[in-house]
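Notes follow the structure.
The values are calculated or read from the model by the stated rules, or taken from the named source; none is laboratory data. As the structure is a computational prediction, the values presented were derived from the model and not from experiment. Cβ atoms come from the backbone with ideal geometry, glycine included; neighbour counts cover every protein chain shown. Just the protein is used for accessible areas: all its heavy atoms, side chains included, with ligands, DNA and RNA removed. Shrake-Rupley method; radii C 1.70, N 1.55, O 1.52, S 1.80 Å.
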Amino acid sequence: MQNNLTCQRISTTGRIRGEQKNQRPVVIWLTGLSGSGKSSIADALEQRLVAKGCHTYLLDGDNVRMGLCKDLGFGDVDREENIRRVAEVANLFIDAGLIVITSFISPFRRDRALARSVIGDESFIEVYIDTPLSECERRDPKGLYIKARQGVIKNFTGIDSPYEPPASPQITIETLTHSIEDGVDAVMTYLEQWNAK
């Protein structure tokens, strides 16, 4: 079936759409364990960007799982497909000229590499929310670690499914020593330098 498809050339590019919005489209990909602070930092970052007049969209892991990816489970194959779909959606949004923030555990390096390849290295900023497992378990905002330890939830990242930290993220935010606002500041500073290139 795909042999019969041809990519249709579209004259208006993501760069043009971004210039119309006076911004450079990009995907800011937050990764880290459940409870690390990804969603809190992503939400605060979007608020900061919107306050500056930026056109944004936030893709959050739980929200996407309730709609676009509600047919997927949490085994390795389904996790890979979850990230592939998110990467394709994020890529459409940057083609629309937006600044996209994604907040996904995305535990496997190969899946984050796939996302980077779909989006393009020049438009992909990987942000590692570095929080020790012990602290994530202490926070346990959704009560998921307790359920995972009890065996109620299977394939839970950090318990019976691995998390592979990024080898060389553009930004690392250590939440034990830095506040949400500190994390947002770090991303904003990086974006200013990235935009100046």
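Remarks
- In region 102-118, the qualifying residues are those that are open to solvent by 10 Å² or more (accessible area, probe 1.4 Å), of a type in the set (A, V, I, L, M) and touching a residue at least 24 places away in the same chain (Cβ under 8 Å), and the one that is nearest to Val187 (Cα to Cα) is Ile105.
- Asn82 polar (S, T, N, Q) and modelled with pLDDT under 95: yes
- Top-ranked residue of region 1-35 - restricted to ones that are in contact with a Lys or Arg (Cβ under 9 Å, 6 or more places away or on another chain) and not in a strand (DSSP E or B), ranked as nearest to Phe93 (Cα to Cα): Pro25
- Within region 38-57, being among the aliphatic types (A, V, I, L, M) and touching a residue at least 24 places away in the same chain (Cβ under 8 Å) holds for Ile41, Ala42, Ala44, Leu45, Leu49.
- Index of the failed condition, Ser123 passing every other in (1) among the hydroxyl-bearing types (Ser, Thr, Tyr); (2) open to solvent by 40 Å² or more (accessible area, probe 1.4 Å); (3) within 26 Å of Cys54 (Cβ to Cβ): (2)
- Ile99 within 14 Å of the chain's Cα centre (by Cα), within 25 Å of Thr189 (Cβ to Cβ) and of a type in the set (A, V, I, L, M, F, W, C): yes
- Region 1-25: number of residues that are open to solvent by 100 Å² or more (accessible area, probe 1.4 Å) and farther than 24 Å from Cys54 by Cβ: 9
- Residue within region 54-69 that is over 30 Å from Ser11 (Cβ atoms), touching a strand residue (DSSP E or B) at 6+ places or on another chain (Cβ under 8 Å) and open to solvent by less than 70 Å² (accessible area, probe 1.4 Å) present: yes
- Of the helices (runs of 4 or more DSSP H) lying entirely inside region 86-176, those containing at least 1 residues that are polar (S, T, N, Q) are 109-119, 133-139.
- All positions within region 36-69 that are in a loop (DSSP other than H, G, I, E, B) and either at pLDDT below 95 or hydrophobic (A, V, I, L, M, F, W, C) (or both): Cys54, Met66, Gly67, Leu68, Cys69
- The residues of region 75-97 that are surrounded by 20 or more Cβ atoms within 10 Å (Cβ to Cβ) and closer than 19 Å to Lys38 by Cβ, listed by number, are Arg79, Asn82, Ile83, Val86, Ala87, Ala90, Phe93.
- Test for Asp140: is it at pLDDT 95 or above and among the acidic types (Asp, Glu): no
- Any hit, region 29-50, residues being farther than 26 Å from Thr172 by Cβ and either in contact with a strand residue (DSSP E or B) (Cβ under 6 Å, 6 or more places away or on another chain) or open to solvent by 70 Å² or more (accessible area, probe 1.4 Å) (or both): no
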